[in-house]
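One structure is given here, and the rest of the page talks about it.
The values are calculated or read from the model by the stated rules, or taken from the named source; none is laboratory data. None of these values were measured; they are calculated from a predicted model. When we count neighbours, we look across all protein chains shown, and the Cβ atoms used for this are built from the backbone with ideal geometry, even at glycine. Just so you know, the surface numbers come from the protein's heavy atoms only, side chains and all, with ligands and any DNA or RNA stripped out. Shrake-Rupley method; radii C 1.70, N 1.55, O 1.52, S 1.80 Å.
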Amino acid sequence: MTEKNLKFGLVRGMRDIVPGQVERVSFVESCLLDTVTSYGYDEIRLPIIEQAGLFSRGLGEATDAVEKEMYLLDDRDGGKLALRPEGTASCVRAVINAGMLREGKQRLWYSGWMFRHERPQKGRYRQFYQIGVEAFGYPGPDIDVELINIAGSMWKRLGVQDEVTLEINSIGSRETRDRYKQVLVEYLTPFVSDLDSDSRRRLNTNPLRILDSKNVKTQEILTDAPELIEFLDESSTKHFEDLCERLERDNQAYRINPRLVRGLDYYTHTVVEWTTERLGSQGTVCAGGRYDGLIEQLGGVDTPAAGFALGLERVVLLHESLGHPVNTSSVDIYIAIISDESYPYARRVAGILRNNALRVRVHQGGGKIKAQMRQADKSGAKWAVIIGEKEIAENMLSVKFLRTDKEQRSVTLEAAIDLLKHNELE
Ligand code: HAM
């Protein structure tokens with residue numbers, strides 16, 4: 001292969017987000033972040049690379065994220081590193097390291113890229129973007145409800161609230177789960193040869209995950225299995241009942257899904273998933289729950305905790321599937337230049353318009369006005385401003401309407417600012 005035709009493709013599971021797509025992503029992301037910040041949560045920024053042990057200890061050795069999907073790196077000085085598969089363990093590590101729990105309770109959010117070596121498909125990528133929210137130091141169901149409210153407000157703000165369902169469950173304490181695991185394994189053992197291969201393997205490593213197997217035969221076998229919720233101790237039951245009552249009081253619709261167990265080991269008590277039917281098999285747009293033991297397990301003082309994370313790509317797909325429009329143009333005004341002498345005036349005009357919150361692209365590269373107008377049209381701008389000798393001499397601007405058939409107009413700069421800013425030229 002010669003150097004000329006050497007072409008690099010995308011790494012499997014990675015995506016470019018090009019102009020035309022990026023505007024929806026930005027719009028959805030800013031709606032989501034505006035919602036979290038409107039609840040008074042503090043931002044925390046976390047690194048993409050962590051020690052691999054943080055995740056094997058935090059998420060559990062037998063979870064898919066650790067066992068099968070982690071991107072591992074050898075550090076040059078001998079350490080084992082990982083590209084983060086999720087943000088909760090990193091957030092807990094950061095909070096412990098910074099001594100933030102000594103200062104009391106914390107309510108935090110983060111956003112960023114996560115990496116899992118999964119089988120890519122629509123809505124499932126190897127690099128994906130999460131927005132996560134975590135609350136530390138709150139033992140009661142009140143914070144579980146607040147976290148649900150935050151997600152609920154996000155869906156409303158985006159106009160997707162009718163397309164998502166809140167599913168909840170309680171998986172109790174670690175002791176409860178250990179007891180239930182034994183019972184479940186005893187129940188499933190006689191059916192072992194009928195289980196799907198993943199579930200057969202999980203029978204020894206992570207039997208709870210069998211509950212959310214998508215395999216029809218396995219689901220049939222599970223129909224008569226004892227339910228985890230029957231094994232909850234008194235305090236878990238009370239926590240869960242209290243949560244349900246509060247949701248009802250808030251008119252927050254929910255569905256108890258007794259098979260909901262989540263794929264990461266750190267969860268205790270409340271678990272939550274927001275699902276949609278519009279995205280096929282990757283229908284979980286947002287998920288989380290309580291993880292009361294994780295902080296201690298990672299070396300901090302025993303502190304209750306709860307949180308959730310959403311997959312931005314999935315929320316964007318959902319928003320798009322509903323046909324909600326977004327403004328895909330990044331230009332309001334395109335300035336066309338009649339001759340090179342027009343540039344200083346054009347730059348001054350562009351600067352003033354930009355200071356008035358208008359997005360201005362100045363033509364570069366010369367060429368005839370007609371060709372410049374084609375570029376102006378392609379940029380998505382609403383208006384073109386044409387600057388030549390006449391405009392400079394008269395201290396005026398010629399404004400051309402690119403999206404309506406209004407006549408071109410000659411106006412003063414002040415009038416143009418006023419009109420363009422308030423969209424009155426449309
Ligand atoms: P998770 O369920 O593994 O939980 O991921 C949360 C969300 O991230 C999923 O519901 C999904 O929307 C998105 N997601 C996960 N994997 C992919 C992927 N391969 N491609 C695209 N989107 C994906 C967690 O990560 C927990 N840290 C959530 C949490 C926060 N729990 C408590 N606090």
Exercise for the section: Pairs to check: LYS156/LYS217; LYS181/LYS238; LYS156/LYS181; LYS214/LYS238; LYS181/LYS214. Give those whose C-alpha atoms are more than 26 Å from each other in this structure. Expected result: LYS156/LYS217; LYS156/LYS181; LYS214/LYS238
Fill in the blank from the handout: Pseudo-spin-label distance VAL301 to ASN251, built 7 Å along Cα→Cβ, given in nm, is 4.2 nm
Practice task
Along each of the three principal axes of the Cα atoms of segment 287-401, give the extent in whole Å, ordering the values from largest to smallest.
Solution key: 74, 33, 23
Problem - Computed label-point distance, nm, for sites ASP142 and TYR343 using a 7 Å Cα→Cβ extension - result: 6.3 nm
Exercise for the section: Could you look at the chain and say what percent of its accessible area is carbon and sulfur, using a 1.4 Å probe and all protein chains? Expected result: 48 percent
Practice task
Starting at the first residue of segment 42-56, write each ³J(HN,Hα) from the Karplus equation 6.51 cos²θ - 1.76 cosθ + 1.60 with θ = phi - 60°, in whole Hz, x for Gly and Pro.
Solution key: 8, 7, 10, 10, 10, x, 7, 9, 9, 5, 4, x, 4, 7, 5
Problem - Spin-label proximity, THR404 to segment 349-392 - amide N less than 15 Å from point 7 Å beyond Cα toward beta carbon - result: 382-384
Problem - Total lysine pairs under 19 Å (Cα atoms) in segment 274-408, excluding pairs fewer than 8 apart on one chain - result: 13
Handout entry: Debye intensity ratio in log₁₀ form over the Cα atoms of segment 197-338, taken at each q of 0.15, 0.16, 0.22 Å⁻¹
Key = -0.99, -1.10, -1.49
Handout entry: Reachable lysines from LYS7, criterion Cα separation under 17 angstrom, eight or more residues apart if same chain
Key = none
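Quick check: residue separation of GLU320 and GLN364 times 0.36 nm, minus the Cα distance between them. What number comes out in nm?
My answer for the length gained is 12.5 nm.
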Handout entry: Packing rank of 341-352, 240-251, 146-157, where each peptide gets the mean count of other beta carbons within 10 Å, highest leading
Key = 146-157, 341-352, 240-251
Handout entry: Size-normalised alpha-carbon gyration radius of the chain, reference 2.2 N^0.38 Å
Key = 1.25
Practice task
Quick one: check the C-alpha center-to-center distance for segment 334-388 versus segment 274-310, whole angstrom.
Solution key: 49 Å
Fill in the blank from the handout: Subtracting the Cα-Cα distance of VAL331 and ARG201 from 0.36 nm times their residue separation yields 41.3 nm
Exercise for the section: Could I have the simple spin-label model distance between GLU234 and GLU277, label points 7 Å from Cα toward Cβ, reported in nm to one decimal? Expected result: 4.2 nm
Fill in the blank from the handout: Computed over segment 38-156, the convex hull of the Cα set has an average projected area, in nm², of 9.1 nm²
